Amino acid sequence: MSLCAECFNNGDHTGHDFNMFRSQAGGACDCGDSNVMRETGFCRRHRLRTGENVPSVPRDLLLMSEMVLPRFIICIIQYLRDGYTEPDTSAERDLQKVLQQLEPQITFLEELTKMGGAMRTVLTKILTNQQTFKDLSMGQEENVFAKKNYENYLSALKNSGLVSVEEKAQTGAAEPTRGSETGALGLLGAAAPSSSESNKEEDQDGQSIGQRKRVKLSSSTKDPSIMDSLKHKCFLEELLFWTIKYEFPQKMVTFLLNMLPDQDYKITFTKTFVQHYAFIMKTLMKSQESDTMSNRIVHISVQLFSNEDLARHVTEECQLLDIMVTVLLYMMESCLIKSELQDEENSRHVVVNCSEALLKNNTYWPLVSDFINILSHQSVAKKFLEDHSLLMLWMSFVSFFQGMNLNKRELSEHVEFESQTYYAAFAAELEACAQPMWGLLTHCKVKETQEYTKTVVRYCLETLQIWFDAIGFVDELAPNQVTFHLPLHRYYAMFLSKAVKCQGLDLESLLPDQEMLMRIMVHPLQIQGCVEAQILKVPKNTASLSEIHSNMWVRNGLQIKGQAMTYVQSHFCNSMIDPDIFLLQVCASRLDPDYFISSVFERFKVVDLLTMASVHQNTALDGEQERPMLEGALTFLVILSSLRIHLGMADDEILRAEMVSQLCMNDRTHSSLLDLIPENPNPKSGIVPGSCSFEEMLSAVADFKAPVFELGGSMQQGMYTPKAEVWEKEFDPIMVILRTVYRRDVQSAMDRYSAFLKQSGMHTTGNPWPPYKERTPLHPCYKGLDRLLHCKTLHIVIFTLLYKIWLDHSNMSEHVLCMVLYLIELGLDNQVEEDKGDEEPCIEEHCHDSWFPGTNLLSNLHHVINYVRVRVPETAPEVKREREPPASTSAEASNFGQNSRRLTGNWRENVREAQVFSLVAERRRKFQEIINRSSTEASQAVRPKSSSTRWVPPGTPPQLVTEILEIHESMLSLLIKLHQKLSAKQNSLSATWLEDMDANPNRHAHGDGITAIERILTKAATRSHQSKRSIQEICGKVFPPVAPKKNSPTAKKTMDKEERRQRARERQQKLLAEFASRQKSFMETAMDVGKAVTHLVQHHFSFSKRIPIVFPIYELL
């Protein structure tokens, strides 16, 4: 809604939110239009109703205008016809010269519109009178000039349709086939065009664009005139035609907009605008000034389509939705290329070429903006959702962006030219795909709209299946490829979320079978691996992404890092990473948890690192890449298990969590905080019905620091800082990690948190660890997500990592331990009922059954693993000279051999299910085999030295042999030993420790790693009597002293200064005594030597005396 300054000042707008600006492109005042605003907001002049209160204009006063203006307008049109020439190779047209000569005439028309409603009514009648146009348009037959002028007009009309005359001639002038659902889907995977057509379809650079598809109209399109050349029936239609041809001159745009207060004109002009919509698109694509033209198009369309009644009217009368979707499809069809994702040679999928000017210059923006605008009207959006063929066309349009801007990892040489096409790719997905999606979701919030959601979900799944088939994807990704653009996945995810959260639909009824779910999860999971490799592991003390620990994509340049940063940036995160995480959460809640956990570590390429042996081989990662990738995999699992944005959080809770995470990173101004909070799914501006406003939430979580003046006279802006109770109870490091673009922001949040704890006296020694935050309960539909925390595969990983951390493995870090403890605590807080049917193994290859008897984490914590059967190279240090007889791999697995070959009773009755899970079992078996290659010695005294270097086989690969290694540890015993190690105290936990903890249960809320371990042990003891007995027994044992750490280069630098100085002084005194003795002996045997020799000896002594001084200094350095 827009008002002129006069109407605004004469109206009552107290308490209204408004933005005042001076329009550079003209516009229409909406004051007086009851379809746009309430009558109570009209100014005093527009409150007067038509009728007896408004005097009528005398008929004689307007006669001259009615006689003269038609001929005046035809003169303008004839001049536009005569001045326009199609561009050719010899000379370019000069549109500005023609428009400058017409400026006085157009200005005169603009002045007439300012004379009031009576004159606008006269102009409307003239502009829309078909008979007057027919009489004056062609001119007299004897008038040669008029005849030639009319021929120019017909020539200009020739290619004004969506399909040009030349294209019609090539296809035999056949009328376009009405599309069906099959035709729409054919856009994704149809066969290539004939050779004669494909040879002609080349882009501007002369390169083949691959398999182009011709768009077909939906079956609901009643008027196929959009495909044909335009036919004009009145002055208004031709005037708009030349306005488009001359690329929307400002004077003409202002005149057309100034006429909008006349309702008859507004309706007719809107229909005319829709009629010319395809022609607008074609002209826009050819324009050299597309930015200016785009702005002027939007200035017109926003005035027309913001009125819901008018938008609904032209939707019903002119098929506006069909025209918009078809025009967008034709527009994008001009820049399609063959997709190289997955199967480059045989792929039948096409994607938009992000290097084309159409995407780089955002030429599509005005048309997409119009589409978003009309979808904001509920009546129009419902018509769109009810038209199934139109939905299929839209899914075809979205599929053009699925897998675009593919990144291929450079393995040999650095890329010569770093393309910046990712800017265009992210902008295109956000504007052309995500924004229309959010517009549709706003109308799917009540149970009455369940069928709309079901329809969209069904077509999303069908289109995804066709996409998988078109790219040749089965279950394994092509190596060294990643794309950040999966709009079909995100449409499916967000409509699933809305269906469960707002419409009460059962999630199970909207999900595909297990095999399809496994295919759906692969590409979003691949993105998470890439993002963790690029973003989350930036060193904590640097702002540059050039210093990344896992430089796997370093040869692709900075642009790949830019993509990973944009993916999590605040303006994109709610449309990209959040739907991806939610979709993975849905898949994890329904798939076999062991399969999912195995898939995660395989995608992060760290399965070889999960070994208890002293050496390992990793063909996918270099040594310096393993640690950050392991940290990334664990961080991803923590985010997946703890994030609740789409799993049960209310809109108020989401807004509060977003606000707290941003404020914890840094103090923020009001404007910067407003910009950093994602707009969807909860609009942050104004008051959302049934929820808190942005201002109310801000005052609840933050204190305002007033602006202050600096010494130089400049003023610091007022800032918002978190309240003390927010730091104490609501600071969530996982949410901070999810919302940070730079790793330094995570460190900034932790530094501020540490400063708060020291100031409040909660933790005064050392650096605190990220606090554990309890999660809101899961929605019942997603309860299966907790099974991730209670699966044997994850427990084996946790046990292995705890063991490696205790033994000081070089690739283990504090962050790894922090995430492992976080996963354990999440499992203790989110218990699930153990499925007794899963305890009996089905096939012998399920080696994870030999590690733990069940899937419940609380039970597995105290389970002691006595032996581990491993496969290691025969040259590895773990191989013993004398083989021992095989032993059972765990303390409670003696019956495993008897039961391993026994199948469940109903196995033969469920052959179908068995086949589905056979894929899961194979992946799990492979993953567990890699883990069981691990090995270690039973005690610290005899274990081999850990090495950070990779074990490389000399010559030919060595043979693998089986070894039985003694472990005799449980997760509880390892936690207690880690507590002893971190505290540097022998037997740091006494046998009566648990009773002492009961007296102060709140002491573990904030602290370091020692506190985190104590909190876990306390929870385990509280919830399980067996765990409590095990903890008391372990604490009652007397452990040997903690072995000192080996002096690594880092350890030498941090050695106690006083100890190093003492050693230096001792070495200096020893060397001085030795040289003094040598001097005395020399002097006694050389008394008769001359002064020259004596001088030489003194010089030698002086030089020698400096040696012990220099050497200790070097040692200190």
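The values are calculated or read from the model by the stated rules, or taken from the named source; none is laboratory data. If you're wondering where the values come from, they're calculated on a predicted model, not measured in any experiment. All Cβ positions, even for glycine, are placed from backbone atoms using ideal geometry, and neighbour counts span all protein chains on display. Heads up: the accessible areas ignore ligands, DNA and RNA and are worked out on the full protein's heavy atoms, side chains in. Shrake-Rupley method; radii C 1.70, N 1.55, O 1.52, S 1.80 Å.
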Enumerate the whole-percent occupancy of each 10 Å bin, from 0 to the last occupied one, for all C-alpha pair distances of region 960-1036. 17, 50, 21, 8, 3, 0
Zone residues, region 641-670, relative to LYS729, backbone N less than 18 Å from point 7 Å out along Cα-to-Cβ: 650, 652-661, 664
Residues of region 786-809 with amide nitrogen under 20 Å from the 7 Å Cα-to-Cβ point of ASN767? 805-806, 808-809
Taking every other residue with Cβ under 12 Å from the Cβ of CYS75 and scoring Lys and Arg +1, Asp and Glu -1, one gets +1
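Ranked by accessible surface with a 1.4 Å probe, highest first, in what order do CYS530, CYS318 come? Working shown, then result.
Values: CYS530 10, CYS318 30 Å².
Sorted by accessible area, descending: CYS318, CYS530.
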Entries in LYS282/LYS338; LYS231/LYS338; LYS286/LYS383; LYS147/LYS233 that, when Cα-Cα distance is taken, lie over 27 Å: LYS231/LYS338; LYS286/LYS383
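State in Å² the accessible area per residue of region 960-1036; use a 1.4 Å probe, count heavy atoms of protein chains only, and round to the nearest integer. It would help to have the intermediate numbers written out before the result.
Numbers: 3260 Å² over 77 residues.
Spelled out: the 1.4 Å probe surface of region 960-1036, per residue, equals 42 Å².
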For region 449-517, what % of the accessible area comes from carbon and sulfur atoms, probe 1.4 Å? 49 percent
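Over region 354-420, give the accessible area per residue in Å² for a 1.4 Å probe, as an integer.
On the way: 2500 Å² over 67 residues.
Averaged over the residues of region 354-420, the accessible area is 37 Å².
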With each pseudo-label sitting 7 Å past Cα toward Cβ, what's the ASP506-GLN263 distance in nm, one decimal? 5.0 nm
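Counting Lys and Arg as +1 and Asp and Glu as -1, what is the net charge of the other residues whose Cβ lies under 12 Å from the Cβ of VAL398? The partial results should precede the final answer.
Numbers: positive: ARG490; negative: GLU429.
Neighbour charge sum, excluding VAL398 itself: 0.
By the scheme Lys and Arg +1, Asp and Glu -1, what is the net charge of all other residues having a beta-carbon under 11 Å from that of SER497?
On the way: positive: ARG490, LYS498, LYS501; negative: ASP578.
Combined, the nearby Lys, Arg, Asp and Glu give +2.
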Taking the full set of protein chains and a 1.4 angstrom probe, give the accessible area of LEU477 in square angstrom, rounded to the nearest 10. 30 Å²
How much length, in nm to one decimal, is gained on full extension between THR121 and ASP135, taken as 0.36 nm per residue of separation minus their Cα-Cα distance? 2.9 nm
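What number do you get for region 295-402 when its Cα radius of gyration is normalised by 2.2 N^0.38 Å, N = residues? Can you show the working numbers first?
Details: Rg = 15.7 Å, N = 108, 2.2 N^0.38 = 13.0 Å.
So the Cα radius of gyration is 1.20 times the expected 2.2 N^0.38 Å.
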Once the whole set of protein chains is in place, how much accessible area is left on LYS114, using a 1.4 Å probe, in Å² to the nearest 10? 130 Å²
